[in-house]
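To start, the structure under review is shown below, and the notes come after it.
The values are calculated or read from the model by the stated rules, or taken from the named source; none is laboratory data. Predicted model, so just to flag it, every value in this text is computed and none were measured. Cβ atoms come from the backbone with ideal geometry, glycine included; neighbour counts cover every protein chain shown. Heavy atoms of the whole protein, side chains included, go into the accessibility calculation; ligands, DNA and RNA do not. Shrake-Rupley method; radii C 1.70, N 1.55, O 1.52, S 1.80 Å.
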Amino acid sequence: MKYIDEYRDGRLAKDIARQIAALADPARSYHFMEFCGGHTHAISRYGLEDLLPANVRMIHGPGCPVCVLPIGRIDAAIALAMRPEITLCTYGDLMRVPGSNGSSLLKAKAAGADIRMVYSTLDALRIAEAELEREVVFFAIGFETTTPPTALALKAAIAKGLGNFSIFCNHVLTPPAIQNILESPDVRKLGTIKIDGFVGPAHVSTVIGTEPYEFFAGEFQKPVVVAGFEPLDVIQAILMLVRQVNDGRHEVENQYIRGVTALGNEKAQAEVANFFELRESFEWRGLGEVPYGALRLRPKYVAYDAEKRFSMVTPAAKDNPACECGAILRGVKRPADCKLFGTVCTLDTPMGSCMVSSEGACAAHWTYGRFREKARQVDGGRAVA
Amino acid sequence: MCLAIPVQVKEVLPDNMAKVTLDGVSKIVSTALIDDLRPGDYLLLHVGYALAKIDPQEAERTLALIREAAAMGDAA
């Protein structure tokens, strides 16, 4: 498959890992956070951690929009979907995310709620057009990558005069979350995360460009390498980060030059800006309130804003107290550190959001990493180079 | 969630839509966010919408850099 297979060459990956091992200063350690769940998945799936020398470690960040959605928003969506006039459309990832008291959209659907899994906002629009007597609400979620499709759906709904289509907006933003990881009081208090640089998500940057990360590189003196999601992309980005740290540089570099420019897709940005504005604050699971960390519909589109149109309330809801998703999303703990991991919390019975989404740190570790970690321990912690 | 996949444009359709394929699987997608589309172009597809074009020259340059880094690792 063009532009996929050629970036999955295991032999090249091993050679680059040797180059990383040769460049990494044995007297120091390197801690890089991959922000995006897509990278977490790639790192686990292709065993990239095993290729790295022991002093180069990856920290799995919070960048999975499903994982960071607070439980109260799921409860609010379930309550809405239970109303008889509502058809709730959403992406598949959200269906199994646990709400309060063991609820989920999947269970609400089984209980009779009209909840439809869609692949695209185009499908949700088609449902609204075909079933004019229903109130079709799109449960919108995702980072900057997924926001333009929501904006275009709204644009089309308005153009078609579809009065029965609205959006429950949960779109979140990458740069404020990275800033929160670096400077929130909670994280400072925990004080255990050492981050020497970030692997930035390429697909987000196809839309926003690499430019928004310049601020971190300058303000926090952390290098950022925007990287693709194939294994060679990720390992090349790690090599680029090691070089920056060794040189004492903190720049934004672009590994994904085949799809990302400094300014991104300005057409997409304009569509998003037409329909959305910043929320002053939005709760992220694991990070707490993130200032300017999410979007809402502009007031002039209030008729399409499900939160307003159906007077939705987001109940305060607590996560399972034993679930360590919060600490795992911040990079403070690893999946295996959670008491629930692999006991009551598995892919079939996820307790927390990190186990639900295939891009969650726990799901990735459960699927690809748990036996590897044992082997590593038996091996005395020696990295395979 | 935010992952996109590379697909190739087979046919440019009216209303900012296009027929694309990935490994033989065809799909009709929105290209409202992409300018100057031609059959044969590669696009990054995410939830039914193309987000960016893949630049073949830059893709080749990335592979060249990866091979170069790998060759240095090989010598290490």
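Structural remarks
- Every condition in (1) away from chain B (no Cβ under 14 Å); (2) open to solvent by less than 70 Å² (accessible area, probe 1.4 Å); (3) touching a strand residue (DSSP E or B) at 6+ places or on another chain (Cβ under 9 Å) holds for A:R334 except the one numbered (2).
- In segment A:6-38, residue most open to solvent (accessible area, probe 1.4 Å) [restricted to those that are more than 10 Å from chain B (Cβ to nearest Cβ) and closer than 24 Å to B:D23 by Cβ]: A:R8
- Scoring A:R45 on the criteria (1) over 29 Å from A:A157 (Cβ atoms); (2) basic (K, R); (3) in contact (Cβ under 8 Å) with a residue 60 or more places away in the chain; (4) touching a strand residue (DSSP E or B) at 6+ places or on another chain (Cβ under 9 Å) leaves a single failure, condition (4).
- Within segment A:101-125, the residues that satisfy the criterion of being surrounded by fewer than 24 Cβ atoms within 10 Å (Cβ to Cβ) and closer than 11 Å to B:G48 by Cβ are A:V118, A:Y119, A:S120, A:L122, A:D123, A:L125.
- Cβ pairs under 7 Å, 6+ apart, first in segment A:291-312 and free of Cβ contacts under 8 Å to residues at least 40 places away in the same chain and farther than 18 Å from A:G161 by Cα, second open to solvent by 60 Å² or more (accessible area, probe 1.4 Å) and not in a strand (DSSP E or B): A:K308/A:V302
- When B:V12 is tested against (1) buried (at least 16 other Cβ atoms within 10 Å of the Cβ); (2) of a type outside the set (S, T, N, Q); (3) in a strand (DSSP E or B), only condition (1) is not met.
- Note on segment B:33-47: among residues that are more than 16 Å from A:V204 (Cβ to Cβ) and surrounded by 19 or more Cβ atoms within 10 Å (Cβ to Cβ), the one that is nearest to the other protein chains (Cβ to nearest Cβ) is B:Y42.
- Among the residues of segment A:126-138, the ones that are within 13 Å of chain B (Cβ to nearest Cβ) and crowded, with 16+ Cβ neighbours inside 10 Å come to 1 in all.
Here's the yes/no breakdown for (1) within 29 Å of A:A364 (Cα to Cα); (2) at the interface with chain A (Cβ under 7 Å from one of its Cβ atoms); (3) surrounded by 21 or more Cβ atoms within 10 Å (Cβ to Cβ):
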{"residue": "B:T21", "(1), (2), (3)": "yes, no, no"}
{"residue": "B:Y49", "(1), (2), (3)": "yes, yes, yes"}
{"residue": "B:D55", "(1), (2), (3)": "no, yes, no"}
{"residue": "B:R67", "(1), (2), (3)": "yes, yes, no"}
{"residue": "B:D74", "(1), (2), (3)": "no, yes, no"}
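- Residue in segment A:302-315 that is modelled with the lowest pLDDT, counting only those that are open to solvent by 50 Å² or more (accessible area, probe 1.4 Å) and touching a helix residue (DSSP H, G or I) at 6+ places or on another chain (Cβ under 6 Å): A:P315
- Tally, over segment A:230-253, of residues that are outside any helix (DSSP H, G or I) and over 19 Å from B:A70 (Cβ atoms): 5
- When segment A:337-370 is filtered for residues that are touching a Lys or Arg at 6+ places or on another chain (Cβ under 9 Å), in a helix (DSSP H, G or I), buried (at least 18 other Cβ atoms within 10 Å of the Cβ) and of a type in the set (F, W, Y), nothing remains.
- Only one of the numbered conditions (1) in contact (Cβ under 8 Å) with a residue 40 or more places away in the chain; (2) at positive phi is not met by A:G342, and that is (1).
- Subset tally (residues that are farther than 26 Å from B:C2 by Cβ, touching a helix residue (DSSP H, G or I) at 6+ places or on another chain (Cβ under 9 Å) and among the acidic types (D, E)) for segment A:93-138: 3
- Within segment A:266-297, the set of residues being in contact with a helix residue (DSSP H, G or I) (Cβ under 6 Å, 6 or more places away or on another chain) and open to solvent by 60 Å² or more (accessible area, probe 1.4 Å) comprises A:Y292 only.
- The listed residues are A:V56, A:V68, A:V97, and the only one of them that is in the same structural domain as A:G286 (by the TED database) and either over 14 Å from A:S353 (Cβ atoms) or of a type in the set (G, A, S) (or both) turns out to be A:V56.
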